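Accompanying notes for the structure given below.
Each value in this text was obtained by applying a stated rule to the coordinates, not by laboratory testing. Only a predicted model underlies this, so the values are computations on that prediction, with no experimental measurement involved. Heads up, the Cβs are rebuilt from the backbone with ideal geometry, glycines too, and the neighbour counts pull from every protein chain shown.
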Amino acid sequence: MEQETLKQIDALKAEIDGLKKRLTNVEGYNKDQLSIALVSGDLDKILAAMIISLAAAAMDTGVKLFFSFWSISALRDPKKKAQGKDFMSKMFGMMLPNGRNKLKLSKLNMAGAGPAMIKGLMKKQGVLSLEEMFKQAAELGIEITVCEMSMNLMGFKREELIDYPNLRYAGAATFVSDAGESSFQLFI
Amino acid sequence: MEQETLKQIDALKAEIDGLKKRLTNVEGYNKDQLSIALVSGDLDKILAAMIISLAAAAMDTGVKLFFSFWSISALRDPKKKAQGKDFMSKMFGMMLPNGRNKLKLSKLNMAGAGPAMIKGLMKKQGVLSLEEMFKQAAELGIEITVCEMSMNLMGFKREELIDYPNLRYAGAATFVSDAGESSFQLFI
Amino acid sequence: MEQETLKQIDALKAEIDGLKKRLTNVEGYNKDQLSIALVSGDLDKILAAMIISLAAAAMDTGVKLFFSFWSISALRDPKKKAQGKDFMSKMFGMMLPNGRNKLKLSKLNMAGAGPAMIKGLMKKQGVLSLEEMFKQAAELGIEITVCEMSMNLMGFKREELIDYPNLRYAGAATFVSDAGESSFQLFI
């Protein structure tokens, strides 16, 4: 009988080990973490991304932002200039908004009157400015990765982007890997 | 020997308790629930959001919608009027589509001919109208939360919005909290 | 005493069975799988979707794409023609981009100069063309489902779409079901 008991205990141990492995696997896809892939560079979309990110970070959720394509405009620092750009890169540089203060609205842009209205209203309502949102994001440890392929395509150089702690440059595989382990992902 | 057995059983109990805690944690991020943050107010985007939401609700998945920015146009009731609006609020009120029947397509809008075409085709194909989709959403218990900050920025008042059961007003933190416990999130 | 031991072992078994059920449930929402609902037909959005999908598939994550509304333009084969289309279907056919080589950028389209620029730069930087991305997607087993309702609304016929292995036609419920079991979902 006692041997029977020991056999049963061993069987339970094996079952528990199996559950542990399955659970570790599931936990791998479910860190308390939010990953956002940004593609749009519209003021309203960037605002939405930052508002959601700050709300998540304030709730102690890890936040990883991946800036690609048009969204990189929001990371340009108008006070910085890059040297040695070719013709195409200069074209993109001129045509795309130079920094977060130049972003356009996806609707009602009205040649810049719309963004001015929204910014005025945000100030009046006590909402943080985009400037302040990025500062707070840095303080809350929100991680920003910039899409290297987009940088190359549009001819942006690293020395043109804003100062942000631990700004990282990487490819889509990095976004996928971060997003895959997050419990929560968005495409903006 | 028997004491050894009891020790082993206690060890197993401790392991099981550890697994329970980890599992409860993972379950916390994985309710059978869909959370959508709506920012866009285009007819095609609102249609997509409602079609996905109704399909999910029909499969007994809980659905929570967070309407912000331009998407709030879809919740305006053209038959209702708010009093005491300031100049800016009146401007937004006039410039933005007044209700789900006035939404524009993101492409091929053609001054309203596109939406009319799509609505005609939907009717012909036996697809529910947006009107009917909201009615069904209410019946299926789909929860709608309206972004309070967007309401304030654009000067919309609660008395202008459609009648919908348990319409809730809250901030981005509420979306993040709902979305964080959902197994499935979208940004539209 | 021994009977007490057996009772304890039975209790542990019951607890383990309970955990198994809960874990199976959670695993049901967390396959190592990415589900994307595509609605946009802009070149930049389709590129983003394919780049993310290929990165995921390369990491052995299952990928399921659901093409709806405007995104179906990317699946049109300009070399194929469908017979017996009604007036509305012909209109849509003419107004929407005929295939992935005709897609427009959401910004800086400049009557086709923008897409040409981007494609030239992609080639120069050694990025795969959209053509090659679809080929690789097929090789990596990325599954494509086309929204049946959108096909009907816009009057597209199956014989007009590209050859792609196991191209499937289904409704939103299929997307929701695929996405619900995925660990990672995007709306593009």
Given labels modelled 7 Å from the Cα in the Cβ direction, how far is it in nm from B:GLN3 to B:ASN109? 8.2
Would you be so kind as to identify which of B:ILE16, A:GLN3, C:LEU130 lies farthest towards the positive end of the dipole of the protein assembly as shown, taking Lys and Arg as +1 and Asp and Glu as -1 on Cβ and the Cα centre as origin? C:LEU130
Ordered by residue, what ³J(HN,Hα) values in Hz, to whole numbers, does the range C:177-188 give under the Karplus form 6.51 cos²θ - 1.76 cosθ + 1.60, where θ = phi - 60° and Gly and Pro are x? 5, 4, 5, x, 8, 7, 7, 7, 10, 9, 10, 10
For the protein assembly as shown, with the dipole built from +1 on Lys and Arg beta-carbon atoms and -1 on Asp and Glu ones, taken about the Cα centre, which of A:ALA173, C:MET154, A:PHE92 lies farthest toward the positive end? A:PHE92
Quick one: angle between helix A:113-124 and the longest Cα principal axis of chain A, in degrees between 0 and 90, rounded to 10, please. 60
Taking the range C:81-188 as the region of interest, what is the percent of Cα-Cα pairs per 5 angstrom bin, listed from the shortest bin to the one with the maximum distance? 2, 9, 15, 17, 19, 19, 13, 5, 1
If each residue of separation counts as 0.36 nm, what is the full-extension length gain between B:SER177 and B:ASP32 once their alpha-carbon separation is subtracted? 50.7 nm
Euclidean distance of C-alpha centroids, the range B:144-188 and the range C:61-84, integer Å: 33
Under the convention of a label 7 Å out along Cα→Cβ, give the distances in nm from C:LYS80 to the same position in every other copy, shortest first. 4.7, 4.7
What number comes out for the charge environment of C:GLU181, summing +1 per Lys or Arg and -1 per Asp or Glu over other residues with Cβ under 12 Å away? -2
Can you tell me the FRET efficiency between A:GLN125 and C:ALA11 if r is taken as the Cβ-Cβ distance and R0 is 45 Å, rounded to the nearest 0.05? 0.20
Hey, for B:MET94 with labels 7 Å out along Cα-Cβ, what do the inter-copy distances come to in nm, ordered shortest first? 3.7, 3.7
